[in-house]
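Take a look at the structure set out below.
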Amino acid sequence: MNHVGIFFDFDGTLSPLNVRREDARVRDDVAEVLKELVNHYVVAIVSSKDCYFLRNRTPYISNYVCINGLEILTNEYVVNDSTVLKEDLIKALEDIYSLARRLENVYVEGKRSLLGPLLGISIDWRGFEGVPKGLEEVVEAATSRGLKVINYRYNPFIDIYISRKDKGDGVKVLKSLLNLGKLIYVGDGENDIPAFKLADVSVLVRHSLNQEFKVDVDFEVRFEELGRWLVEHVLTGRLL
């Protein structure tokens with residue numbers, strides 16, 4: 001069944017959403033299922049996180065769409081969006097990263113390419129009391145330098161990238177590189193919508209932080225039940 005791809009979001013799908021970067025990892029029961037899935041399907045992780053982090057957390061997987069589609073890693077080949085060649089944008093993002101790290105009551109995550117350049121940052125105030133003071137100035141500075149700022153309706157964080165790519169763009173490229181036919185996509189949030197639209201089968205993972213999120217998908221599954229659901233619906237071939 002290697003012509004079938006099963007692509008997973010990471011945060012909120014495979015790993016709890018409300019944890020810091022260093023604590024984010026795939027639940028043990030789901031990891032065991034993923035290790036079995038790679039023997040039957042083409043499995044990939046599609047995330048706003050960087051490839052270095054994702055590869056470290058899921059070394060049993062070979063395919064990744066990273067930094068919201070700006071970098072793709074597959075079979076030891078790295079594919080980057082052409083924006084990474086624009087030195088002025090790279091410099092602008094480094095400056096904004098330094099500015100954002102001065103904010104208080106916030107966690108700032110840098111997202112670097114495997115080749116070195118900083119391609120994105122997240123400014124996250126989960127666990128703190130409200131939007132951090134000074135965030136508006138950071139956003140204005142980023143926009144004025146030609147960077148792409150993404151706000152989320154349901155999530156207490158923003159992302160800033162050197163280019164407005166999305167997970168759908170990355171999924172299209174990876175699907176073509178891997179010569180896939182059917183695609184199953186599993187995700188939990190707003191930035192998964194472009195990928196949901198490309199999938200033959202779309203699966204939304206529900207948890208306590210996305211109860212109000214509405215999207216048209218084929219299946220919904222509770223975060224705690226994902227491992228069992230994958231065994232019953234995917235490993236058995238019922239979805240195919």
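Quick note: the coordinates plus some simple rules give every number you see, no bench work behind them. The shown structure was predicted, so the numbers you read here are calculated from the model rather than taken from an experiment. Note that we place each Cβ from the backbone using ideal geometry, even for glycine, and neighbour counts take in every protein chain shown.
Packing-based ranking of 45-52, 194-201, 176-183 yields 45-52, 194-201, 176-183, ordered from highest to lowest mean Cβ neighbour count within 10 Å.
Look at 28, 166 and count the other Cβ atoms within 10 Å of each Cβ; fewest to most, that gives 28, 166.
Amide hydrogen proximity for residue 61: with H placed 1.01 Å from N in the peptide plane, no residue at 5 or more positions away or on another chain lies under 5 Å. Go ahead and collect, in residue order, the members of the stretch 134-151 whose backbone nitrogen is under 13 Å from a label point 7 Å along the Cα-Cβ direction of residue 99. Residues passing the 13 Å test: 134-149.
For the pair the stretch 120-157 and the stretch 181-240, the centres of their Cα atoms are 27 angstrom apart.
Whole-Hz Karplus values for the stretch 93-110 come out as 5, 4, 5, 5, 4, 4, 5, 5, 6, 7, 5, 9, 6, 7, 10, 10, 10, x Hz, taken residue by residue from phi with 6.51 cos²θ - 1.76 cosθ + 1.60 and θ = phi - 60°; glycine and proline positions read x. Extension gain for the segment residue 60 to residue 235, taken as residue separation times 0.36 nm less the Cα-Cα distance, is 61.3 nm to one decimal. Modelled spin labels at residue 77 and residue 129, positioned 7 Å past Cα toward Cβ, are 5.3 nm from each other.
Between the helical axis of 167-177 and the dominant principal axis of the chain, each derived from Cα atoms, what acute angle in degrees is found, rounded to the nearest 10? The answer is roughly 50 degrees. With the convex hull of the Cα atoms taken as the outline of the stretch 82-161, the averaged projected area works out to 5.3 nm². For the stretch 149-157, putting each phi into the Karplus relation 6.51 cos²θ - 1.76 cosθ + 1.60 with θ = phi - 60° gives couplings of 9, 10, 9, 10, 5, 9, 10, x, 7 Hz, in residue order, rounded to whole numbers and with x for Gly and Pro. The equivalent ellipsoid of the chain has semi-axes of 30, 20, 15 Å, largest first, where each one is the square root of 5 times an eigenvalue of the Cα gyration tensor. Would you please classify the overall shape of the stretch 1-134 from the alpha carbon gyration tensor, given that a ≥ b ≥ c denote the square roots of the eigenvalues, rounded means a/c under 1.5, and beyond that prolate means a/b larger than b/c while oblate covers the rest? Taking the square roots of the gyration eigenvalues as a ≥ b ≥ c, the stretch 1-134 is oblate.
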